[in-house]
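Report on the structure given below.
The values are calculated or read from the model by the stated rules, or taken from the named source; none is laboratory data. Keep in mind the model is a prediction, meaning the values are calculated, not measured. Cβ atoms come from the backbone with ideal geometry, glycine included; neighbour counts cover every protein chain shown. We work out accessible area using only protein heavy atoms, side chains counted, and drop any ligands, DNA or RNA first. Shrake-Rupley method; radii C 1.70, N 1.55, O 1.52, S 1.80 Å.
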Amino acid sequence: MPKLTIDGVEVEVEPGITVLQACETAGVEIPRFCYHERLSIAGNCRMCLVEMEKSPKPVASCAMPVADGMVILTHSEMAVKARRGVMEFLLINHPLDCPICDQGGECDLQDQALFYGFDRTRFEEPKRSVEEKDFGPLIQTFMTRCIHCTRCVRFATEIAGVEELGLTGRGEDVEIDTYVEKALGSELSGNMIDLCPVGALTSKPYAFTARSWELGKTESVDALDAVGSAIRVDSRDGEVMRILPRLNEAVNEEWISDKTRFAYDGLRRQRLDRPYVRRDGKLEEASWDEAFAAIAGQLEDAPGQRIAAIAGDLADCESMLALKDLMAALGSANTDCRQDGARIEAGRRAGYIFNTTIAGIEQADACLLIGTNARFEAPLINARLRKRYLAGGFSVGFVGPEVDLTYRAERLGAGPKTLGEIAEGEHPFARVLDHASHPMLIIGQGALARPDGAQVLATARAIAEETGMIADGWNGFNVLHLAAARVGGLDIGFVPGEGGLDVAAILEAASSGGLDAVYLLGADEIDMAGLADTFVIYQGHNGDAGAEAADVILPGAAYTEKDATYVNTEGRVQYTRLAVFPPGEAREDWKIVRALSGVLGQTLAYDDIGALRARMAEVNRIFAAPDEAQPAEWGAFGTPGEMDPAPFAYPVENFYMTDPITRASVTMAKCTELARSVNKDKTGTDG
Amino acid sequence: MSGPTNPPANGADEAGPFAFTKANAALAEEIVGRYPEDREASAVMPLLDLAQRQNGGWLPPPAVAYVADYLGMPHIRVYEVVTFYSMFNLKPVGRNQVKVCTTTPCWLCGSAEVLDACRETLGIDLDETSEDGEFTLTEVECIGACVNAPVIQINDDYYEDLDGARTAALLDLLKKGEKPKPGSQTGRQCSAPVKGLATLISSGKMKGREGD
């Protein structure tokens, strides 16, 4: 390993790294604008110049590989003078508009100008100004501020896989631009805002609403898809002002999807901020006592089997367990968390989680996607697949409708017929999987949420077992979920108990008068028509389909407003944290269930979240080990049998609107409109 | 100078579709064949040049898109190349593109006078095209012929050792539809010294250095 001297201290570093990285391991920070450890090296900002012995000129440390015996001076007169010169040039055309710039206070250029900037300019000519670009409803451009580091171009090209941004012109005329002016067609575009070291790309929805130093920062996890990205919720005066990614190498690295980042305005709109009770066919405001009394009146004489509960996609584990316990106390086994009707059993954990883990994708060398458009269903898992693809030697095949995944993937067929052929070893892709040392498959809800889902699942299991996906230290079988609540619900056992009804049976029983009450825990994506004649209790935070159908509304808390447990698609137990309080009369969800249990005379045995979490760990020991993806034991799951030849369909048609929060978001509505119009231009049809 | 501007989104409709002629398609195939497999993108500049020549000296958006698709490149990557090099034109140009070098050596030798002569003779200013579509006048950075400064480039030919009068005469010939002889306009042989040979005058062999 090469040894080099950095500022008089000898360090030994990994061969092949750059001088800048070596300096970092030695604890010396080098200023930079264009260099980013997850992007290719551009070496064009020149801010990272250091002095190197035997070199007559300073060298760009980000692009200089280490060699044995190098002597580097990072803060010598020469290095500092060189950086001052670079900074002076960078500031020549940079406007001095920090007071009205949204990046102010968290700007790399501002910070570094403090150390290397000059307090006046020697440039007497007019500064250049650059036309603004239209990058769509998410990114605001102030291109005059751009210092041409090209991080955004490299991000779009490398990580997002959408080659639409480029650096056009040259010299003083250089600009970041798209070829034909249009919004960026990426689900990860918001990350460019974080990458931009200046205020050239800023968040449009957040524009001029807050300063970074006024914000309270809460570390949490996202609940808008099943990835469970690490996020930081920035809030002020009891409102979420913005959401940023937080580093979690195992899950989202340092990216988040545009839905995760920009849907927060949905947390302020159409909120259920007080209980409602339906009187004479009209929902009227009520107090908690009145709401609970209405429920108690309805449930008083109802036998257990005539009550049912459905948990939605955003439900947290605490409230699901509390509700399950309450239903059990009331004598009901009619509980289900699979509101899309996915044929997944709760028993065998390996049969419903993403066993490979997201980081594990990087070890795989072949991948079969079954009925899943990962780009819309889990953009960060798709980004990881693309990362693996770019590293080379990764064959991807998919079964389902034609789709652009941002990397080369072979379409193997439309549905179960092709899947059967792969399982039988008759399809050429079966050989690809056979020959791979670490093959994996991802099965999506498009293949499982159909009447023959259990058979499709069994076929996928057969493929996994026959192509060597299950081996010592490797499990290549993965289920990709859409809902943050789903794995947690299955872990809790929020599924029909002995003789209980599942979602389809609950809806059928309700429409034929077989049920006295249905409890919807944030369930909005079911067919409400079936519940028209039944007493519906809706507990949730946004007024959506469920609230409309409800007879009693219990206002709950969104994922940013409670300390709650979510389990991501890998089976990783993670906690959200309360960043702001629920609005008005709304309360944390498990507390609502607990309070209701008291009114119903079935008081649950936990009084605080500690006791409830202890109960969770008792129900399933995985809850005792947060933040880890625990390997699940392999075994039988699915039901072998005939599959329906109907082709798979992808479950997420509109990436931007998948749940009550995103459906209430204006930003997401703008994105949806734009995506529709782009689609229309492309195909000549709507959608 | 203003920066490159985006082609209008509907530029494709205005300019009509673009495709290589049969002869150019064969040539394009040959050019691409010069590069290794999977490195076809290396042919982007010769193909853009081919497309530009076929299209009367400029590249409409459909031509840029055509070359990009031909090489399997994202459109933006080709557009970057087109905007980087001043030799690619994104707007229509005259049949004769008069490019006047005004970089320091040419300027020291009188390029200002040459430029004025161009303006006067052609009746157009920089970055303009004459009404008859015959001439476009542009200013360029060093074109690498400083030893024969001042220099102008007209289409593929260099005209060297110019002054105001010689430039006007040159352009008058072009206006008449004749083609002036490229190279030095003073009769100098290539880049030989202006005031005649100063070395290697005798026909004898070079003598060894004396006194060693």
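Computed FRET efficiency, Cβ-Cβ of A:Ala625 and A:Asp404, R0 41 Å: what is it to the nearest 0.05? Result of the calculation: an efficiency of 0.60. Can you list the lysines whose alpha carbon sits under 24 Å from that of B:Lys181, skipping same-chain ones fewer than 8 residues off? Cα-Cα hits under 24 Å: B:Lys99, B:Lys195. Residues of segment B:53-86 with the amide nitrogen closer than 17 Å to a label point 7 Å from the Cα of B:Ser42, along Cα-to-Cβ, please. B:71-73, by backbone N distance to the label point. Sequence-ordered 3J(HN,Hα) estimates for segment A:491-500 from the Karplus curve with 6.51, -1.76 and 1.60 and θ = phi - 60° stand at 5, 6, x, 7, 9, x, x, 3, x, x Hz, glycine and proline given as x. The lysines within cross-link reach of A:Lys54, meaning a Cα-to-Cα straight distance under 19 Å and a gap of 8 or more places when in the same chain, are A:Lys3, A:Lys81.
Taking only the alpha carbons of the protein assembly as shown, we obtain Rg and Dmax values of 34.2, 127 Å in that order. Working from label points 7 Å from Cα in the Cα-to-Cβ sense, the B:Glu128 to A:Gln270 distance is 6.0 nm.
Using the 1.4 Å probe convention, the accessible area of chain B works out to 59 Å² per residue with neighbouring protein chains retained.
Legend: distances between Cα atoms for A:Lys133/A:Lys562; B:Lys91/B:Lys175; A:Lys127/A:Lys217; A:Lys259/A:Lys387; A:Lys57/A:Lys133; pairs beyond 27 Å are A:Lys133/A:Lys562; A:Lys127/A:Lys217; A:Lys57/A:Lys133. If R0 is 60 Å, the Cβ-Cβ spacing of B:Ala192 and A:Glu12 corresponds to a FRET efficiency of close to 0.50.
Given a 1.4 Å probe and the protein chains as shown, A:Ser129 ends up with an accessible area of around 100 Å².
For segment A:466-478, the Karplus equation 6.51 cos²θ - 1.76 cosθ + 1.60, evaluated at θ = phi - 60°, returns couplings of 7, 9, x, 7, 10, 9, 4, x, 9, 10, x, 9, 9 Hz by residue, with Gly and Pro reported as x. Once A binds B, the 1.4 Å probe can no longer reach about 1500 Å² of accessible area, counting both sides. Dividing the helix sum by the residues of the protein assembly as shown, where each DSSP H run of 4 or more adds -39500 (n - 2.57), gives a mean residue ellipticity at 222 nm of -8500 deg cm²/dmol. In this label model, A:Trp213 and A:Met78 are separated by 3.8 nm, measuring between points 7 Å along each Cα→Cβ vector.
Mean per-residue shielding of peptide A:331-340 is 0, counting Cβ atoms of other chains within 10 Å of each Cβ. Shown for segment B:96-184: the carbon plus sulfur share of the solvent-accessible area, taken with all protein chains present and a 1.4 angstrom probe, equals 50%.
Counting Cβ atoms of other protein chains within 10 Å of each Cβ in A:155-163 and taking the mean gives 1.
Amide H to amide H distances under 5 Å link B:Val140 with B:Val100, B:Cys101, B:Thr102, where only residues 5 or more positions off or on other chains count and H is placed in the peptide plane.
Accessible surface computed residue by residue for chain A, with neighbouring protein chains in place and a 1.4 Å probe, gives 39 Å² per residue.
Over the C-alpha trace of segment A:422-513, radius of gyration and Dmax come out as 16.9, 56 angstrom. A loss of 10 Å² or more of accessible area (1.4 Å probe, protein heavy atoms, ligands and nucleic acids excluded) relative to the isolated chain is seen in these residues of segment B:83-101: B:Thr83, B:Phe84, B:Ser86. Under the classification rounded if a/c is under 1.5, otherwise prolate if a/b is larger than b/c and oblate if not, where does segment A:24-170 fall, given a ≥ b ≥ c as square roots of the Cα gyration tensor eigenvalues? The shape class here is oblate.
Once backbone amide H atoms are built at 1.01 Å from N, A:Leu49 has A:Ser61 as its partners under 5 Å, excluding neighbours fewer than 5 places away on the same chain.
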